[in-house]
Amino acid sequence: MPSIRTKEFTPRATEAINNPTIQQSLDRLSNFRQGRVDSIAEFGQKRWEEHSKRAQEIKYETLEHLDYYLDMLSTNVERAGGTVFFAHDAKEANDYVAGVARAHGVKTVIKSKSMVSEEMGIADVLESMVIEPVETDLGEYIIQLAKEAPYHIIAPALHKSKEEVSELFERILGTPAESDIIALAGVARRVLREKFLQADMGMTGANFAVAETGTIVMVTNEGNGRMSSSLPKVHIATMGMERVIPKLSDLSTFLPLLTRSATGQRITSYVSFATGPRRRDEEDGPDSFHLIILDNGRSKMLADPQLREALYCIRCGACLNACPVYSKVGGHAYGWVYPGPIGAVVTPSIVGIPVAKDLPFASTLCGACREVCPLNIDIPRMLLKLRSDATEGPKGTRKPNRVESMMMRGWRLTVSGPKIFSLAGKVAAILQWPLSRNRFLRRLPPPLSAWTRTRDFPKVDAKPFHSRWAAMAIPPQKKDD
Amino acid sequence: MATKEEFLAIIRAALANGRNPDAAPTPAHTSSTQGQGDLAQRAANLREDLVPKKDALLAQLKKSAGLQEWKMLVVASHTEARDAVINIATGLNAQRIVRTAHLAVERLDLDEAFWAKSIECVLLASGAQQPDPAHLQEIAAQADIGVTGVDYLIAETASASLVSREGMSRMASLLPPVHIAVAHMDQVVESLEDLLTLREAELGGESSRNWYMNLVSGPSKTADIEQTIVIGVHGPGEVHLVLVTG
Amino acid sequence: MPGQKVSLFVTCLVDQFFPEVGEATVRLLRHLGIEVDFPSDQTCCGQVALNGGYRSHAVAVARQFVEVFRDSEMIVAPSGSCVTTVFTHYPELLHEYPELAEEVESLRNRTYELSQYLVDVVGVESIGASLPKPTRVAYHDCCHALRDLGVSSQPRQLLQSVEGIELVDLTDSTNCCGFGGTFSVKYPEISTAILNEKLRNVEASGAEILTAVDASCLMHMGGAMRRQTMEARPMHIAELLASGLPGGANA
């Protein structure tokens with residue numbers, strides 16, 4: 001598994017907020033937002049809602065019977081001549097890949113985009129075997145060179161300016177400085193084209209896996225997915241176990257939801273369907289095909305009726321684009337593979353809440369994520385559930401804050417009845433008196449000092465509403481009564 | 001190391017919470033073999049329904065092809081199609097063409113026609129007896145243009161479906177920087193749903209057990225640097241659709 | 001409208017910090033012929049506990065709330081987030097008390113945010129108010145009111161019915177202001193970054209008054225507007241509407 005840096009959330013968030021290049025890059029999320037809106041308008045709102053509803057039904061059905069569909073998927077992949085490996089966790093998955101690579105004397109692996117492969121951390125494993133893993137998705141390639149984690153589910157190098165990319169290429173590839181984006185992409189195309197043609201093994205993700213036919217579906221724009229699944233002799237596809245869908249026809253429900261939500265496209269340049277290795281009568285294609293189906297904590301989410309909905313996610317990234325927090329802190333603050341609102345649910349569920357406690361709390365619960373989610377996943381509800389686990393959950397999920405717990409007990413007492421509530425207000429009115437003579441306070445002691453650094457804070461009113469009610473209870477007499 | 005049984009047992013345990021163990025998946029989602037006859041009928045009905053829609057489909061295809069950045073040409077006959085392909089090639093100063101054995105391409109007699117212009121055009125195939133994918137990759141990687149047919153064209157999204165088969169190498173539409181797809185009006189369907197229905201109907205039977213298909217809906221592109229679109233990374237940056245109506 | 005009667009759920013924040021918003025709410029309702037009572041045992045809906053993950057506290061406070069308002073046929077609050085706590089979250093919070101299920105279901109369906117109540121229940125088209133001078137007003141869509149309660153057209157309709165209010169365009173009015181309850185204190189840099197973008201939009205709108213249905217969000221935005229000595233000032237919608245009534249907001 002890649003390093004978990006979830007404990008660094010706040011400093012990394014602050015760093016991003018204070019970095020003008022990052023903020024400029026994040027401003028470009030508006031393109032994704034507008035693209036999605038325009039694309040749905042073109043599709044038709046009613047038609048979109050029907051697709052969304054149908055997709056939720058299919059997901060519900062599939063997860064309810066996940067064992068049945070994974071069994072079917074596996075059977076059909078094998079009937080097509082492929083091999084299926086069920087991996088409990090990242091380590092088992094990595095060991096399997098290592099085994100296949102060794103068996104085939106693999107020297108170079110070309111990889112097309114797979115978040116699951118990031119979860120596995122397979123690149124490091126391959127490198128330790130002196131096998132060269134090469135990310136071929138342009139964004140993934142850039143961050144591979146930079147040795148960074150992906151910044152966004154759809155656009156891994158979202159945070160990099162073209163100057164930074166040029167500098168990266170100069171430093172690592174020895175290419176001359178380039179200010180033109182087309183030229184920069186051209187550099188990557190040339191370098192990667194060589195790798196495509198010499199690679200012994202291709203690793204891809206699977207946006208969907210069709211149980212009924214044993215087919216994995218790759219949704220891409222670049223063509224690197226096609227290359228990775230057609231050029232080398234060995235093809236390994238990695239998928240999270242929740243990616244299975246029952247029928248081929250279900251794709252017509254899911255595909256527009258994915259492409260229009262992710263990039264505002266009515267369809268991507270390529271949608272590739274791979275069912276097992278090449279047939280004997282095919283001109284090309286891999287001789288062997290492997291599908292790794294990964295659990296890595298998903299069964300835990302499946303077991304929790306309140307978190308199961310997170311498995312509906314088709315990884316479109318729309319929630320990231322809509323999130324006011326992500327739009328300011330960017331992807332690295334989230335500290336692991338999946339950033340943004342979905343990351344705030346998935347990461348603590350997989351790596352454990354105590355390690356990733358900030359993630360469910362660093363949200364205003366505004367609901368924009370749920371609003372744009374094509375599967376209508378109620379992320380705020382799940383964040384509340386994780387918060388409750390963090391505070392009052394069983395040992396292992398719990399990471400309470402003692403001071404805060406005390407304050408909450410105090411609060412609970414304060415609101416337990418009108419008399420004590422009134423008394424608390426009176427006490428606060430007295431205590432705040434020395435802090436300022438004005439209506440508003442410019443400085444408060446910690447922890448509320450965090451507020452007053454940038455905002456004035458109102459004083460408790462000496463005459464709260466409940467003390468004014470008696471005078472208001474009888475409405476003023478009308479003149480003509 | 002996880003076996004399938006252990007893995008599925010964990011899932012069953014995870015689902016056991018509140019689940020009715022006797023509940024089987026709903027009929028709508030059980031395996032398609034039961035509905036095979038049904039499927040064949042649906043496919044037949046679909047084909048029939050498409051016939052009167054030809055004009056509307058053509059209009060829709062033209063529109064979406066434009067939006068998806070295909071360079072599209074509508075021609076009345078195979079002769080015209082051949083000329084169109086030749087013109088595209090000469091216009092690009094192409095020297096080497098690779099092609100597939102799709103019927104629509106075979107009909108154009110391209111090898112001869114290109115040879116007459118001193119342009120090399122080869123069928124990208126090894127022959128079933130001696131498959132040599134590496135060799136095909138080499139040829140395709142050096143070619144200027146790949147010419148293929150299509151299995152179907154989706155009007156709504158301007159998507160050409162290509163299934164990999166004997167004589168129909170995956171490389172022809174992937175490695176050269178330019179891809180020309182030759183299609184016939186009869187191959188046009190309306191939506192992805194239509195295509196998948198027809199595909200599913202064709203898949204019944206052992207021989208279709210494994211298959212590789214691509215939907216190509218425009219040039220290859222990326223926007224991974226500052227969200228600026230760059231075409232032709234890594235697949236063909238220029239895609240032509242030559243549609244024969246006659 | 002004669003015959004209508006509501007219980008005011010004033011909310012803990014308005015009660016202690018912005019009582020004038022409560023007064024304006026009462027004035028507004030009475031002006032429209034609605035009788036108002038105030039169940040004096042009320043304190044809080046429990047939102048802060050729920051959001052902090054202190055579910056057991058939230059449950060206890062919710063149970064209390066149910067009892068306080070048991071006899072109220074209609075409950076109106078000058079807040080979207082507090083009504084959302086009742087409407088969206090009480091069923092789940094109290095699901096361990098099946099004996100309360102019916103009451104909770106009834107409660108959530110008779111608790112309204114002020115503008116929602118006036119437009120959707122009472123059918124008010126115009127407040128019948130006018131401001132002393134023409135005023136440019138920007139309306140910010142508070143998140144819970146918007147996305148949980150569907151409150152969007154109602155406040156705008158009421159505002160536009162007031163003579164003298166010029167409702168200006170606020171770019172990205174539906175974007176969160178960055179308050180998020182304790183988020184504003186736990187993650188102050190992020191909260192402030194989101195807030196500053198909102199305030200840039202407010203500035204650009206040329207508004208003299210920024211209004212919204214939640215005093216909490218206005219407290220957050222207003223606190224920074226004051227700190228940055230912005231021209232625009234915050235005003236809760238109840239206060240703004242009531243200020244157009246004969247005698248002003250606080251007669």
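Going by the alpha-carbon gyration tensor, a ≥ b ≥ c the square roots of its eigenvalues, is segment C:5-122 rounded (a/c under 1.5) or, if a/c is not under 1.5, prolate (a/b greater than b/c) versus oblate? Because a/c hits 1.5 or more and a/b exceeds b/c, segment C:5-122 counts as prolate.
Here the label points at C:THR182 and A:ASP95, each 7 Å from Cα along the C-beta direction, are separated by 4.2 nm in the simple model. In segment B:180-215, comparing the full protein assembly with the chain on its own, the residues that lose 50 Å² or more of accessible surface at a 1.4 Å probe are B:LEU192, B:LEU196, B:GLU200, B:ARG209, B:ASN210, B:TRP211, B:TYR212, B:ASN214, B:LEU215. Here the contact order of segment A:417-479, divided by its residue count and restricted to Cα pairs under 8 Å and six or more residues apart, works out to 30 percent.
Which semi-axes, in whole Å and largest first, does the equivalent ellipsoid of chain C have when worked out from the alpha carbon gyration tensor as the square roots of 5 times its eigenvalues?
28, 24, 14
By the helix-only formula, in which each DSSP H run with n ≥ 4 contributes -39500 (n - 2.57) and the sum is divided by residues, chain A has a 222 nm mean residue ellipticity of -14500 deg cm²/dmol.
Note on chain B: Rg/Rh from Cα positions, Kirkwood definition for Rh, rounded to two decimals, is 1.06. Each residue was assigned an accessible area with a 1.4 Å probe, and for A:ARG190 the value is about 150 Å².
Using a 1.4 angstrom probe, figure out how much accessible area segment C:130-243 has per residue, in square angstrom, rounded to the nearest whole.
Heavy-atom SASA per residue in segment C:130-243 reads 34 Å².
May I ask what percent, to the nearest 5, of DSSP beta bridges between residues of the protein assembly as shown are antiparallel?
Once the DSSP bridges in the protein assembly as shown are tallied, antiparallel ones form about 25 percent.
First compute the accessible area of segment C:130-243 with a 1.4 Å probe, then give the percent of it belonging to carbon and sulfur atoms.
The nonpolar share, carbon plus sulfur, comes to 45 percent.
Taking the Cα of C:ASP37, stepping 7 Å toward and past its beta carbon, and measuring to each backbone N in segment C:96-114: which are under 18 Å? Output list for this probe position: C:107, C:110-112.
For segment A:124-130, the Karplus equation 6.51 cos²θ - 1.76 cosθ + 1.60, evaluated at θ = phi - 60°, returns couplings of 4, 4, 5, 4, 5, 9, 6 Hz by residue, with Gly and Pro reported as x.
For segment A:398-428, heavy-atom accessible area (probe 1.4 Å) falls by no less than 40 Å² from the chain alone to the full protein assembly at A:GLU404, A:MET408, A:TRP411, A:ARG412, A:VAL415, A:PRO418, A:PHE421. Residues of segment A:348-393 whose accessible area (probe 1.4 Å, heavy atoms of protein chains only) drops by at least 30 Å² once all protein chains are present, relative to their chain alone: A:PHE361, A:THR364, A:LEU365, A:CYS366, A:ARG370, A:GLU371, A:LEU384, A:ARG387, A:SER388, A:THR391, A:GLU392. Computed from Cα atoms alone, the Kirkwood hydrodynamic radius reported for segment B:57-163 is 15.1 Å.
For chain A, what % of the accessible area comes from carbon and sulfur atoms, probe 1.4 Å? Provide the component values of the computation, followed by the final result.
On the way: 9870 of 18120 Å².
Looking at chain A in its full context, I get 54 percent from C and S.
Please give the calculated 222 nm ellipticity per residue for chain B, where each DSSP H segment of at least 4 residues contributes -39500 (n - 2.57) and the sum is spread over every residue; nearest 500 deg cm²/dmol? Spell out each step's value before the answer.
Working: 8 runs with 88 residues, N = 246.
Calculated from helices alone, the mean residue ellipticity at 222 nm is -11000 deg cm²/dmol.
For A:ASN31 and A:GLU148, the FRET efficiency from 1/(1 + (r/R0)^6), where r spans their Cβ atoms and R0 equals 25 Å, is about 0.70.
Give me the 1.4 Å probe accessible area per residue for segment C:5-122, excluding ligands and nucleic acids, in Å². Walk me through the numbers before you get to the answer.
On the way: 3770 Å² over 118 residues.
Per-residue value: 32 Å².
In the structure shown, the pairs A:LYS111/A:LYS385; A:LYS195/A:LYS300; B:LYS4/B:LYS221; A:LYS113/B:LYS4 are assessed against 32 Å; a Cα-Cα span above that value is assigned to A:LYS111/A:LYS385; A:LYS195/A:LYS300; B:LYS4/B:LYS221. The residues of segment A:417-479 have, on average, 68 Å² of accessible surface per residue, using a 1.4 Å probe with all protein chains present. With r defined as the distance between the Cβ atoms of B:THR3 and A:ALA183 and R0 fixed at 51 Å, what FRET efficiency is calculated, to the nearest 0.05? The calculated FRET efficiency here is 0.50. Applying 1/(1 + (r/R0)^6) with r as the Cβ-Cβ distance of A:ALA41 and C:GLU125 and R0 = 30 angstrom yields a FRET efficiency of 0.50. Of all lysines in the structure, the ones whose alpha carbon falls short of 29 Å from that of A:LYS419, not counting any fewer than 8 places away in one chain, are A:LYS459, A:LYS463, C:LYS5. At a probe radius of 1.4 Å, figure out the A/B buried accessible area, summed over both chains, and give it in Å² to the nearest 100. Between A and B, the summed buried area is about 7800 Å². Between C:THR229, C:THR135, C:THR84, the residue with the greatest mean-square fluctuation in the GNM of chain C (Cα pairs under 10 Å linked by springs) is C:THR229.
Leaving ligands and nucleic acids aside, the A/C contact buries around 5700 square angstrom of accessible area in total at a 1.4 Å probe radius. Under the criterion of Cα pairs below 8 Å and six or more residues apart, the relative contact order for chain C equals 21 percent.
Isolated cysteines of chain A, defined as having no other cysteine beta carbon under 4.7 Å away, are A:CYS313, A:CYS316, A:CYS323, A:CYS373. Solvent-accessible area assigned to carbon and sulfur over segment C:5-122 amounts to 49 percent, based on a 1.4 Å probe. Summing charges over all other residues whose Cβ lies under 12 Å from the Cβ of C:VAL151, with Lys and Arg as +1 and Asp and Glu as -1, gives -3.
Under 14 Å from a label point set 7 Å out along the Cα-to-Cβ vector of A:ARG79, the amide N atoms of segment A:237-252 belong to A:247-248.
How much length is gained on full extension from B:LYS53 to B:SER118, taking 0.36 nm per residue of separation minus their Cα-Cα distance?
Taking B:LYS53 through B:SER118 to full extension adds about 19.2 nm, to one decimal.
Taking each residue as 0.36 nm, the span from A:SER405 to A:SER467 lengthens on full extension beyond its C-alpha to C-alpha distance by 19.3 nm.
Working from Cα pairs under 8 Å separated by at least six residues, relative contact order for segment B:172-242 is 48 percent. Per-residue surface analysis assigns B:GLU190 an accessible area of about 60 Å², computed on protein heavy atoms at 1.4 Å probe radius.
Against the main long axis of the alpha-carbon atoms of chain B, helix B:133-142 sits at an angle near 50°.
The values are calculated or read from the model by the stated rules, or taken from the named source; none is laboratory data. Remember, predicted model here, so these are calculated numbers, not experimental data. FYI the Cβ positions are ideal-geometry reconstructions off the backbone, even for glycines, and counts take in every protein chain you see. With ligands, DNA and RNA removed, areas are computed over all heavy atoms of the protein, side chains included. Shrake-Rupley method; radii C 1.70, N 1.55, O 1.52, S 1.80 Å.
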